[in-house]
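Below: the structure, in structure tokens.
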Amino acid sequence: MNIGLLLVRLVVGLTLSSHGAQKLFGWFGGYGIAGTGQFFESKLGLRPGKVQAVLAGLTEVGSGLLLALGLATPFAAAGFIAVMLVAVMTVHKPNGFFVTANGYEYNLVLGSSALGIAFIGPGAWSFDAALGWSLRGWPWGVAALVVGVGLGLGNLALRGQPAPAAAKT
């Protein structure tokens, strides 16, 4: 069981961290803060775009690394849920379920995987276990879900309308 949890934590956590590195540093084919910020502001209505890009990138890198390490696992899951909820609602929902049409399938897998780990715990091969922290079970899973959804909805509530397209002359 512990090797399975470690494998899931590493794959899911490092996957989200790499998406954050795309936003923050332009690594792995990403657009960095300037490009991501421009997209967030002009296409998604997330303002100010650069601030939103930094917050999303930091949340993705931080939550991903925490989950991979099995450290403060429910808090990591809450970060996953928040950024995946915002991604679904601003980008992917209109495209349906499947990732082949830019749907929300991928976001659902990442967010629900992190939430599942919040409920069952990160396993014996984790920093939580090494520190003697028992941050798992029903209360921690529900807390991760409530905090993650709350943060995501809070971000969405502050969202403005995307900037109108510039007129062509």
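Out of Gly62, Gly26, Gly96, Gly45, one residue alone is surrounded by fewer than 18 Cβ atoms within 10 Å (Cβ to Cβ), on the phi > 0 side of the Ramachandran plot, touching a residue at least 12 places away in the same chain (Cβ under 8 Å) and among the small types (Gly, Ala, Ser). It is Gly45.
Residues in the range 29-38 that are under 15 Å from Thr90 (Cβ atoms) and either surrounded by 17 or more Cβ atoms within 10 Å (Cβ to Cβ) or of a type in the set (Asp, Glu) (or both): Thr36, Gly37.
As a summary of the residue check, Ser18 satisfies the conditions (1) hydroxyl-bearing (Ser, Thr, Tyr); (2) over 18 Å from Leu151 (Cβ atoms); (3) touching a residue at least 60 places away in the same chain (Cβ under 8 Å) except for the one numbered (3).
Only the coordinates and a few stated rules stand behind these numbers; no lab work does. Please read these numbers as outputs of a predicted model, since none were measured by experiment. Heads up, the Cβs are rebuilt from the backbone with ideal geometry, glycines too, and the neighbour counts pull from every protein chain shown.
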